[in-house]
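What follows is a single structure, written as structure tokens, with notes after it.
The values are calculated or read from the model by the stated rules, or taken from the named source; none is laboratory data. Since this is a predicted model, take the numbers as computed values, not measurements. Positions of Cβ are backbone-derived with ideal geometry, glycine not excepted, and every protein chain shown enters the neighbour counts. To get the accessible areas, we keep the full protein, side chains included, count just its heavy atoms, and leave off ligands, DNA and RNA. Shrake-Rupley method; radii C 1.70, N 1.55, O 1.52, S 1.80 Å.
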Amino acid sequence: MPDNGPRPLRADALRNRQRLLDAAVRAFSHAGPEVTLDSIAKEAGVGIGTLYRHFPTREALVEAAYRNELTKLCDAAPELLASLPPDQAVRAWMDRFVDYLSTKRGMADALRLVIASGANPYAHSRDRLVAALGLLLGAGSAAGTVRADIAPADVLAGLSGVSLVAGEPHQREQAGRLLDLLMDGLRRRPPG
């Protein structure tokens, strides 16, 4: 009988994996790459054996945690469009993008260790982000609320710049104002 690859995880194993990823993001973002894997397992409410079954190395855990954050951000685009008008969905996604980059910045030292091990956690990040933002902008353009002449990569560059401001909690208000300004530039204006 042929082997069709790895079996899908049971529901409890999926929950444990997600708890580990969430705990890892918090730990690597706040404590840095030196945080013990045992402390991450404890915070997730699982044993260290469970952590190693899902992530055989520290680098595998860091990379999976980063990719999980990227996936959550990119998957938010269609979810936001399902619940908000397109222009509001774009603006809500912008807030999530700033949070994502803040988390990525917090994990920078841990991600550098992954890169030093020969992996590239960023291999498809830009393409996925441009696609998610393109979906949002396209919906806004089709609805007539967002300009049609805006390249998603240009908006992504602007969001990255705004994210630099949002590094400290006291600067979040300014980041919000800058996102509103960016959104105003994206809105379609009636002619004349």
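This table checks each residue for (1) within 23 Å of Arg17 (Cα to Cα); (2) in contact with a Gly (Cβ under 9 Å, 6 or more places away or on another chain); (3) open to solvent by 70 Å² or more (accessible area, probe 1.4 Å).
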residue	(1), (2), (3)
Ile40	yes, no, no
Gly45	yes, no, no
Phe55	yes, no, no
Ala60	yes, no, no
Ala82	no, no, yes
Asp87	no, yes, no
Arg91	no, no, no
Val98	no, yes, no
Gly106	yes, yes, no
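Based on what the data block shows, is Ala139 small (Gly, Ala, Ser), touching a residue at least 40 places away in the same chain (Cβ under 8 Å) and under 24 Å from Leu81 (Cβ atoms)? When the stated conditions are applied, Ala139 passes them. Only one entry in Pro2, Pro8 is over 27 Å from Ala131 (Cβ atoms), modelled with pLDDT under 95 and open to solvent by 30 Å² or more (accessible area, probe 1.4 Å), namely Pro2.
Hey, among Asp75, Asp127, Asp109, which residue is of a type in the set (D, E, K, R) and modelled with pLDDT of 95 or more? Even if it seems obvious, please write down each step before you answer.
Working: Asp127 fails: modelled with pLDDT of 95 or more; Asp109 fails: modelled with pLDDT of 95 or more.
Just a single option satisfies the conditions, and that option is Asp75.
Each row is one residue, and each column tells you yes or no for (1) free of Cβ contacts under 8 Å to residues at least 40 places away in the same chain; (2) under 26 Å from Gly176 (Cα atoms); (3) under 14 Å from the mean Cα position of the chain (by Cα).
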position: Ala11; (1), (2), (3): yes, no, no
position: Val25; (1), (2), (3): no, yes, yes
position: Thr36; (1), (2), (3): yes, no, no
position: Val46; (1), (2), (3): yes, no, no
position: Phe55; (1), (2), (3): yes, no, no
position: Lys72; (1), (2), (3): yes, yes, yes
position: Gln88; (1), (2), (3): yes, yes, no
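Restricting the search to region 183-192, which residues are open to solvent by 50 Å² or more (accessible area, probe 1.4 Å) and either at pLDDT 90 or above or among the basic types (Lys, Arg) (or both)? Within region 183-192, Asp184, Arg187, Arg188, Arg189 qualify. Just checking, does region 108-120 include any residue being within 21 Å of Ala24 (Cα to Cα), open to solvent by 30 Å² or more (accessible area, probe 1.4 Å) and of a type in the set (Ser, Thr, Tyr)? Yes, there is a match, as at least one residue in region 108-120 is within 21 Å of Ala24 (Cα to Cα), open to solvent by 30 Å² or more (accessible area, probe 1.4 Å) and of a type in the set (Ser, Thr, Tyr). Being within 22 Å of Arg105 (Cα to Cα), among the aliphatic types (A, V, I, L, M) and open to solvent by 50 Å² or more (accessible area, probe 1.4 Å) is the filter here; which residues of region 137-182 pass it? Listed by number, the residues that qualify are Ala157, Leu164, Leu178.
Among the residues that make up region 167-187, is at least one of them under 30 Å from Arg58 (Cα atoms) and of a type in the set (A, V, I, L, M, F, W, C)? Working first, answer last.
Just the residues of region 167-187 that are under 30 Å from Arg58 (Cα atoms), to begin with: 167-169.
Next, from what is left, pick out any that are of a type in the set (A, V, I, L, M, F, W, C): none.
There is no residue in region 167-187 that is under 30 Å from Arg58 (Cα atoms) and of a type in the set (A, V, I, L, M, F, W, C).
Take the conditions (1) under 22 Å from Thr145 (Cα atoms); (2) within 19 Å of the chain's Cα centre (by Cα); Ala64 misses just one of them, which is (1). Determine, yes or no, whether Ala123 is of a type in the set (Gly, Ala, Ser) and in a helix (DSSP H, G or I). Here the answer is no, as Ala123 does not meet what is asked.
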